[in-house]
Every structure is written in C-alpha cells, then in structure tokens.
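Notes follow once the structure below has been shown.
Throughout, read-outs are computed from the coordinates displayed, never taken from laboratory work. Keep in mind the model is a prediction, meaning the values are calculated, not measured. Don't worry about glycine lacking a Cβ; one is built from the backbone with ideal geometry, like all the others, and counts go over all protein chains shown.
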Amino acid sequence: MSATAIKSSGPTGVFLRQVITRALLFALGAALILTLIGQASWARGVALGALASAGNFLAMAWLLPRALDPAQRRGQAFTVLSVALRFGLMAAALAVALSMPQRVAPLAAAAGLFTVQFTLLSDRLLGGRLLGITSESR
C-alpha cells in the first residue's frame, strides 16, 4: 500500500491496512496448507485470487471517494471507469488461471477472489476481534 494512494494515518487507512493484512495472511495460511498436502496448483490459485481481491479492495477504497465527489463534474464517467478497472483486475486473475489450469487452479483462484469479503464477514461475526475494532469504536 502506497502512502500516496491511501493515507495510512487516519482510521480509514488503519482499517484498510488491517483488512488487507488479515486477508493476505489468511490466504498465505491456506496456500501453505494446500502446498503441504500436495495441491500446489490450488495454493497458487488461492494466492492469485487473494492478491486480486486485495488489489480490488484497495482500488475501491482509493477510487470510490473520487467517484462520489460532488465537486467533480465527471463523477459518472469516473465511476464507470472505476468499476471497469476493478472488474478488469478480477477478470485478469481469472484469465491467468484459465490460461494455465495445470499450474493455477481456476476454481481456487475464483475462491481466492472472496478473501477480503471472507475477512470482513468473519470479523463481523467475531464482533470486531479479528481486526481489533470493538463495537464501541464503530
């Protein structure tokens, strides 16, 4: 995460960093387990999908405030460009997996695309303990 893309000092930057870190740690653990049980192509798929998921989340956090800025006259065009860029990122991960299914399992890459969502959902179900955010600070 670049300091120029997202301010890392505010609560939003801390939240983004925590979510992305936890999601990538979860994916790393899953990839390690898959590698240890002899499923290297599945491990690569999960890792590829998780990287695309984290990139999508970061791009959304960076682009969404700019797309919703009422001061910009080009808001609607910027929103369409933002969505196309984010979907393109996810489609590229799936295209890589589909182009070499012997090396990267496409199903695992598709599952890896949900890593950030899984992290956010599990944090919500755990009451904010995963990211260290209590219900009082929300």
Point to revise | Residue order, fewest to most surrounding Cβ atoms within 10 angstrom, among Ser41, Ser53, Ser122 | key: Ser122, Ser41, Ser53
Practice item. Enter the mean projected area of the convex hull around the alpha-carbon atoms of segment 11-137, in nm², rounded to one decimal. Key: 8.9
Review point. In what sequence do Leu58, Leu32 fall when counting other Cβ within 10 Å, fewest first?
Key: Leu32, Leu58
Practice item. Counting other beta carbons within 10 Å of each Cβ, put Phe114, Phe26, Phe87 in order, fewest first. Key: Phe87, Phe114, Phe26
Exercise for review: For segment 11-137, give the magnitude of the charge dipole about the Cα centre (Cβ charges: +1 Lys/Arg, -1 Asp/Glu; no others), in debye to the nearest 20.
Suggested key: 200
